[in-house]
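Remarks on the structure that follows.
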Amino acid sequence: MQFGGQKPSVGVVFDCDMGEIGDALALAMLFGFQAKNESRVISISITRSSLQAAAFADVLARFYLGEPGPFGGGNLAIGVTEGSKLKDDPPMAAEPLARQTDEGKPQYVCDIHKWNDTADPAALIRNAYSAQFDQNAITLLAGPATNLVATMALPGGKELISRKSRYLVAAMGNFPAGPADASVEADPQAARTLFTEWPGPIVAVGSEVGTAIPFPAASLDKDFSWAPAHPVVDAYRAAKPMPYDAASPALAAALYAVRPQETYFKLSDPGVLSVENGRVRFKPSADGKHRYLIADPAQKDRVLTAYTELASTKQVPRRGRPTPKKKE
């Protein structure tokens with residue numbers, strides 16, 4: 001449902017595999033943007049056939065948004081792909097899902113306990129787009145393209161995406177000519193279809209961007225300390241042996257997606273993205289609709305400040321519906 005006569009902040013369709021801590025940090029960052037009213041998370045979908053991954057995404061949404069309410073509380077459904085090649089439960093999810101309070105109750109609220117508690121991702125994404133004003137949505141991908149391609153395949157799917165989504169930012173590849181990409185290898189045909197048929201501009205964010213500007217582990221104790229129990233902190237420490245800085249193109253993708261007007265990163269010249277033997281290839285073309293992001297060493301400190309401030313935000317305040325201006 002759209003808001004009255006006033007256009008709300010841009011809506012973000014977030015599709016990921018929720019297999020690495022970078023996905024959790026990127027989602028936390030999006031809720032940080034939402035707290036600032038810069039954007040809104042309008043759908044969360046996962047290309048990993050893992051109930052734990054879905055439950056953890058639900059934990060994050062409810063932690064940041066609160067309990068379900070009429071004005072944007074934690075009532076986001078979680079869409080999950082069935083039959084994905086990615087089936088393993090992410091190591092980072094077990095700790096926050098198992099954590100209990102001193103009274104023996106779950107530390108974090110979660111309403112996903114069985115598969116019927118999740119949603120069909122393509123239908124979820126389609127409905128999220130449908131509820132937006134034209135060109136007031138952006139699409140963020142951090143995993144295989146399975147769900148987005150399934151959405152395109154729905155009746156009128158491409159037309160809907162073209163009308164609603166400004167652009168797609170995809171954390172995929174390694175540029176200018178890097179190794180195979182796990183997200184591509186999980187569903188190579190979907191990646192090919194995405195790059196050839198997506199009805200709008202695409203900006204790819206390669207793994208080299210994440211490596212160049214990793215999320216600092218030192219931020220956990222410094223910036224997240226406002227919460228005595230925090231699911232992102234629990235997941236970060238469970239994902240890999242500490243200490244480590246998390247290299248994540250998903251974080252860069254989320255930052256660029258919502259703040260493209262900033263000079264955090266550089267952009268390649270226009271071109272065309274394609275898939276070859278599990279690799280994402282880029283061919284320059286003056287009339288191409290694709291680009292890839294380039295890390296700018298001069299902006300590293302600004303990027304890290306944005307990462308830590310946004311990902312460690314406190315819970316998103318509930319906002320009522322905008323009140324239409326009275327006619328004179």
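The numbers here are math on the coordinates, done by the rules we state, and not lab data. Small disclaimer: the values here were computed from a predicted structure and weren't measured. For neighbour counting, all protein chains shown are included, and Cβ atoms are generated from backbone atoms with ideal geometry for every residue, glycine included.
What residues have an amide H closer than 5 Å to that of Val41, excluding those fewer than 5 places away on the same chain, when H is modeled at 1.01 Å from N in the peptide plane?
Val12
Assuming 0.36 nm per residue, please report the length gained on full extension of the stretch Lys314 to Asp287 beyond their Cα-Cα distance.
That pair, Lys314 and Asp287, stretches by 5.5 nm at full extension.
Could you tell me which residue out of Tyr129, Phe215, Gly271 lies farthest along the dipole of the chain toward its positive end? Charges go on the beta carbon: Lys and Arg +1, Asp and Glu -1, centred on the Cα centre.
Tyr129
For the chain, what is the percent of antiparallel DSSP beta bridges, rounded to the nearest 5?
Approximately 30 percent, going by the DSSP bridge assignments.
Please work out the Cα center distance from the stretch 249-271 to the stretch 209-233, rounded to the nearest Å.
Centre-to-centre distance over Cα atoms comes out at 21 Å.
For a footprinting-style exposure proxy, rank Phe31, Phe195 by other Cβ within 10 Å, fewest first.
Ordered by Cβ neighbours within 10 Å, fewest first: Phe31, Phe195.
What is the fewest-to-most order of Met172, Met152, Met242 by other Cβ atoms lying within 10 Å of their Cβ?
With the fewest neighbours first, Met172, Met152, Met242 line up as Met242, Met152, Met172.
Within the stretch 154-189, which residues have the backbone N less than 11 Å from the label spot 7 Å out from Asp269 along Cα→beta-carbon, could you tell me?
none
Roughly how many whole Å is it from the C-alpha centroid of the stretch 96-126 to that of the stretch 9-40?
17 Å
Taking just the C-alpha trace of the chain, give me its Rg and Dmax in Å.
Calculated on Cα positions, Rg and Dmax stand at 18.8, 62 Å.
Taking θ = phi - 60°, what integer Hz values does the Karplus form 6.51 cos²θ - 1.76 cosθ + 1.60 yield along the stretch 43-48, in sequence order, with x for Gly and Pro?
Ordered by residue, 3J(HN,Hα) equals 7, 10, 9, 10, 9, 9 Hz.
Is the stretch 241-285 best put as rounded, prolate or oblate by its Cα gyration tensor, with a ≥ b ≥ c the root eigenvalues, rounded for a/c under 1.5, and otherwise prolate when a/b is larger than b/c, oblate when not?
oblate
Which three semi-axes in whole Å describe the equivalent ellipsoid of the stretch 48-138, each the square root of 5 times a Cα gyration tensor eigenvalue, listed largest first?
25, 19, 10
For the residues His113, His290, His230, what sequence is obtained by ranking on other C-beta atoms within 10 Å, fewest first?
Taking fewest neighbouring Cβ atoms as first place, the list is His113, His230, His290.
Which value in deg cm²/dmol, rounded to the nearest 500, describes the helix-derived mean residue ellipticity at 222 nm for the chain, given -39,500 (n - 2.57) per DSSP H run of n ≥ 4 and division by the residue count?
-10500 deg cm²/dmol
Rank-order 251-259, 87-95, 174-182 by packing density, defined as the average count of other C-beta atoms within 10 Å over each peptide's residues, highest first.
251-259, 87-95, 174-182
Below 27 Å, Cα to Cα, which lysines can Lys314 reach? Residues fewer than 8 away in the same chain don't count.
Result set, ordered by chain and number: Lys7, Lys36, Lys105, Lys222, Lys240, Lys300.
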